[in-house]
Every structure is written in C-alpha cells, then in structure tokens.
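Data block below; observations after.
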Amino acid sequence: MRETVLAKGETATLVIVTANGQTEILDGEDEVIESHKDDRHEAILARYLAQGWEIEEDGP
C-alpha cells in the first residue's frame, strides 16, 4: 500500500491511496472523490502537484 497526503493552503487536504492495484483519492473527510481500478498513483500525484498541491507525507 502507498499513501500520499497532499495539502493546499491552510485547510485543504487530499490523500492518494493505492492498495491491491487500485488507486483512490480521498478528501479531507475521508470521502472517496475519485477511484481507479488500476495503479495510477504517480500520474494522479503529478496532476495534483501541477495544480499547486504540496506533498505533506509520502510512504509505502
């Protein structure tokens, strides 16, 4: 499993979680806002970084 926590500004957070070959994006209240049936962690991370999000935590 890989989990990356992103932040934008003081209060906005997102979490990208990849487990069992599937990737989900969770909002600050742990609601799934996007789900993929394959591992798209790197592509999604790159997309959010390009939008100005910053990595708070990134781990396996």
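What's the longest bit of the chain with no exposed GluC sites (Glu not before Pro), using DSSP loop states and at most 14 other Cβ atoms within 10 Å as the test? Before the final figure, lay out the partial values.
On the way: sites that count: 10, 29, 31.
Here the longest run is 32-60.
Counting other Cβ atoms within 10 Å, which trypsin sites (Lys or Arg not before Pro) in the stretch 1-55 have at most 15 and lie in a DSSP loop?
On the way: sites: 2, 8, 37, 40, 47; in loops: 37, 40.
Filter output for the stretch 1-55: 37.
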Tilt relative to the chain, helix 41-50 - C-alpha long axis, 0 to 90 degrees, to 10
20 degrees
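Net charge near residue 34: determine it from the other residues with C-beta under 14 Å of the C-beta of residue 34, scoring Lys and Arg +1 and Asp and Glu -1. Don't skip to the end; give the middle numbers.
Numbers: positive: 37, 40, 47; negative: 24, 27, 30, 31, 38, 39.
Within the 14 Å Cβ shell, the charges total -3.
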Principal axes first, then extents: for the Cα atoms of the chain, list largest minus smallest coordinate on each axis, whole Å, largest first.
31, 22, 18
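Considering Cα pairs under 8 angstrom that are at least six residues apart, work out the relative contact order of the chain and quote it in whole percent.
Working: 111 pairs, mean separation 23.0, N = 60.
Taking the mean separation of contacting Cα pairs over the length of the chain, I get 38 percent.
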Accessible surface of the chain, 1.4 Å probe, proportion on carbon and sulfur as whole %:
45 percent
When ligands, DNA and RNA are left out and all protein chains stay put, how many square angstrom of accessible area per residue does the chain have with a 1.4 Å probe?
67 Å²
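The values are calculated or read from the model by the stated rules, or taken from the named source; none is laboratory data. Source: prediction; values computed, not measured. For neighbour counting, all protein chains shown are included, and Cβ atoms are generated from backbone atoms with ideal geometry for every residue, glycine included. Note: areas computed on protein heavy atoms with side chains; ligands, DNA, RNA excluded. Shrake-Rupley method; radii C 1.70, N 1.55, O 1.52, S 1.80 Å.
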